[in-house]
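The structure under discussion is supplied below as structure tokens; questions concerning it will follow.
The values are calculated or read from the model by the stated rules, or taken from the named source; none is laboratory data. Quick caveat: nothing in here was measured; it's all calculated off a predicted structure. Heads up, the Cβs are rebuilt from the backbone with ideal geometry, glycines too, and the neighbour counts pull from every protein chain shown. Quick note on the areas: whole protein, heavy atoms, side chains included, nothing else; ligands and nucleic acids left out. Shrake-Rupley method; radii C 1.70, N 1.55, O 1.52, S 1.80 Å.
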Amino acid sequence: MVKIERISLNKQGLTKFFSPNEARIMKVLWELSHSTSAEITRECKDLSLPCVAGTLDRLVKSGFARREIDQSENRVRYIYYPTGDRREIGVKISERIIESLIDTFGDATIDTLGKINGRRKNE
Amino acid sequence: MNNFYCFTFCLRESGMIYILLVSVALAIICLFAYFLKRRHEFLLANQIFMIWIITSSILTMGCNMFHLIWVYLGIIIICVLLLGILKLLINLRHSNLIISSIEIISVLEEHFGVTIKILDIQRIRAYTHRGVIYLSIGLMERLEPDEIKAVVAHETYHLRKSPNKFISSILAMISFTFLRHSDEYYADRFAAEVSGASNLKNALRKLDIKDYSKRIEQLS
Ligand SMILES: [Zn+2]
């Protein structure tokens with residue numbers, strides 16, 4: 001299950017749900033489909049390797065990325081994968097948030113969802 | 001003041017005062033020798049003298065201060081228990097992080113005659129524990145094979161030559177002295193000898209180890 005550390009509705013795009021570094025790294029992971037911490041550091045030039053490695057670690061712990069151990073070319077390293085494409089991650093985040101809203105507001109949330117859905121169909 | 005008179009009186013009566021004075025002198029000499037030579041044997045000797053001084057003075061006093069023995073025994077037991085619990089926690093934390101062996105590591109194991117285990121974590125970790133060298137994947141992915149060899153050489157030195165951490169921390173606690181200073185300098189020198197100074201320097205720099213510039217300086 002994905003873990004959302006914080007939500008900032010006043011921010012733009014992915015940074016509503018991710019820190020700026022997490023958002024950048026998620027974009028790179030979606031773009032390359034899989035990557036190592038060294039490759040991501042090359043893509044995000046102003047981030048240091050320790051910073052990228054730490055952020056990747058957090059993304060794995062919160063369920064947005066997973067990693068495998070690669071032993072090719074006589075070296076050992078992690079290869080990171082996103083746990084889903086942008087849409088799939090969107091579904092996971094939406095589920096978490098809506099479940100939490102229903103948990104707190106119950107029918108009010110369900111009614112609102114129905115209304116929004118109806119409005120979208122009419123448009 | 002009463003206690004103080006009693007203390008010196010009892011010690012003189014028993015003739016222990018001279019033995020104790022000699023012991024204190026020896027303990028101080030050991031401490032100086034340790035600071036000059038940086039050999040942990042001297043610190044160990046100092047700690048043993050300290051324990052001897054504390055226990056024998058408590059035992060010889062005998063003037064209504066007998067309960068001090070129990071206080072001191074209590075301190076020893078608490079120290080051992082605390083460190084034991086700490087060790088257990090460290091062991092438990094380890095058990096689910098270790099992954100099966102990796103090919104390039106078996107070459108190093110054979111070369112140095114040691115056992116190496118891999119920690120499945122991104123953080124940078126290299127240390128010895130219970131006769132085993134632990135390296136994290138986070139560390140290995142940042143280093144070239146020759147630099148990993150330098151790290152393993154450094155840890156091999158700790159494994160073979162450095163005193164047992166568990167025993168030295170208990171001794172330090174119950175003798176009211178301090179822990180041994182780690183012999184990083186000797187471990188670095190050994191690593192530089194067997195795997196090349198430049199490899200060790202690069203490894204220290206890449207891993208951004210605390211005091212790395214000072215350690216690199218000491219090597220040259
Ligand atoms: Zn060391």
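Tell me whether the stretch B:94-219 comes out rounded, prolate or oblate; compute the Cα gyration tensor, take square roots of the eigenvalues as a ≥ b ≥ c, and use a/c under 1.5 as the rounded threshold. Don't skip to the answer; put the middle values down first.
Details: a/c = 1.71, a/b = 1.22, b/c = 1.40.
Here the stretch B:94-219 falls in the oblate category.
Separate question: Where in the stretch A:1-54 are there trypsin sites (Lys or Arg not before Pro) that are in a DSSP coil and have at most 10 other Cβ atoms within 10 angstrom of their Cβ?
A:3, A:6, A:45
Express the carbon and sulfur contribution to the solvent-accessible surface of the protein assembly as shown as a percent, rounded to the nearest whole number, probe 1.4 angstrom.
Numbers: 12170 of 20610 Å².
The C+S portion of the solvent-accessible surface of the protein assembly as shown is 59 percent.
Heavy atoms of the protein only, probe of 1.4 Å, neighbouring chains included. What is the accessible area of residue A:51 in Å², nearest 10?
In the full protein context, residue A:51 sits at about 40 Å².
If ligands, DNA and RNA are left out, what is the accessible area of residue A:75 with a 1.4 Å probe, given in Å² to the nearest 10?
60 Å²
Then there's this: Mind giving me the FRET efficiency for residue B:72 and residue B:210? R0 is 45 Å, r the Cβ-Cβ distance, nearest 0.05 is fine. Intermediate values should be presented prior to the final figure.
Numbers: r = 36 Å, r/R0 = 0.79.
Once rounded, the FRET efficiency stands at 0.80.
To the nearest 10 degrees, how steep is helix B:2-14 against the longest Cα principal axis of chain B, on a 0 to 90 scale?
Its long axis makes an angle of about 90 degrees.
While we're looking at this one, here's another question. Averaged across the residues of B:167-176, what count of C-beta atoms belonging to other chains lies within 10 Å of each residue's C-beta? Please list the in-between numbers first.
Details: counts 0, 0, 0, 0, 0, 0, 0, 0, 0, 0.
That works out to 0 on average.
Still on this structure, I have one more. Of B:70, B:52, which has the most accessible area with a 1.4 Å probe, and how do the rest follow in descending order?
Details: B:70 165, B:52 105 Å².
Heavy-atom accessible area, descending, gives B:70, B:52.
Top to bottom by accessible area (1.4 Å), largest first, where do B:112, B:178, B:35 land?
From most accessible down to least: B:35, B:178, B:112.
What number comes out for the charge environment of residue B:131, summing +1 per Lys or Arg and -1 per Asp or Glu over other residues with Cβ under 15 Å away?
Numbers: positive: B:87, B:117, B:130, B:160, B:161, B:165; negative: B:109, B:155.
Local net charge: +4.
For every other residue with a beta carbon closer than 10 angstrom to the beta carbon of residue A:70, add +1 if it is Lys or Arg and -1 if Asp or Glu, then tell me the sum. Don't skip to the answer; put the middle values down first.
On the way: positive: A:67, A:75, A:77; negative: A:68, A:73, B:141.
Local net charge: 0.
Peptides B:166-175, A:108-117, B:148-157: what's the order by average Cβ count within 10 Å, highest mean first?
Working: B:166-175: 17.9, A:108-117: 11.7, B:148-157: 23.7.
My ranking of the peptides, most packed first, is B:148-157, B:166-175, A:108-117.
Report, as an integer, the average count of C-beta atoms from other chains found within 10 Å of each Cβ along B:123-130. The partial results should precede the final answer.
Numbers: counts 4, 2, 0, 0, 0, 0, 0, 0.
Averaged over the peptide's residues, the number is 1.
At a probe size of 1.4 Å, how large is the accessible area of residue B:55, to the nearest 10 Å²?
Rounded to the nearest 10, the figure is 40 Å².
Quick one: if the Förster radius is 22 Å, what FRET efficiency do residue B:56 and residue B:28 give, using the C-beta to C-beta distance and rounding to 0.05? Before the final figure, lay out each step's value.
On the way: r = 17 Å, r/R0 = 0.76.
The computed FRET efficiency comes out at 0.85.
Hey, another quick one. Relative to the longest principal axis of chain B, what angle (0 to 90°, nearest 10) does the C-alpha long axis of helix B:16-37 take?
20 degrees
Then there is this: What lysines does residue B:149 reach when the alpha-carbon gap must be under 16 Å and sequence neighbours fewer than 8 apart in one chain are set aside?
B:117, B:201, B:206
Tell me the net charge near residue A:15. Cut-off is 10 Å between Cβ atoms, residue A:15 excluded, with +1 for each Lys or Arg and -1 for each Asp or Glu. If you can, show how the numbers build up before the last one.
On the way: positive: A:11, A:16, A:24; negative: A:22.
Net charge in that neighbourhood comes out at +2.
Counting partner chain Cβ atoms within 10 Å of every residue's Cβ in B:138-151, what's the average?
Values: counts 8, 1, 5, 12, 6, 2, 2, 3, 0, 0, 2, 0, 0, 0.
Counting Cβ atoms of other protein chains within 10 Å of each residue's Cβ and averaging gives 3.
Counting DSSP beta bridges in the protein assembly as shown, what percent are antiparallel, to the nearest 5? Present the calculation step by step, with values, prior to reporting the outcome.
Values: 13 of 18 bridges.
Around 70 percent of the beta bridges assigned by DSSP in the protein assembly as shown are antiparallel ones.
Let me ask another. What order do A:60, A:52 take when sorted by accessible area (1.4 Å probe), most exposed first? Intermediate values should be presented prior to the final figure.
Numbers: A:60 40, A:52 0 Å².
Final ranking, largest accessible area leading: A:60, A:52.
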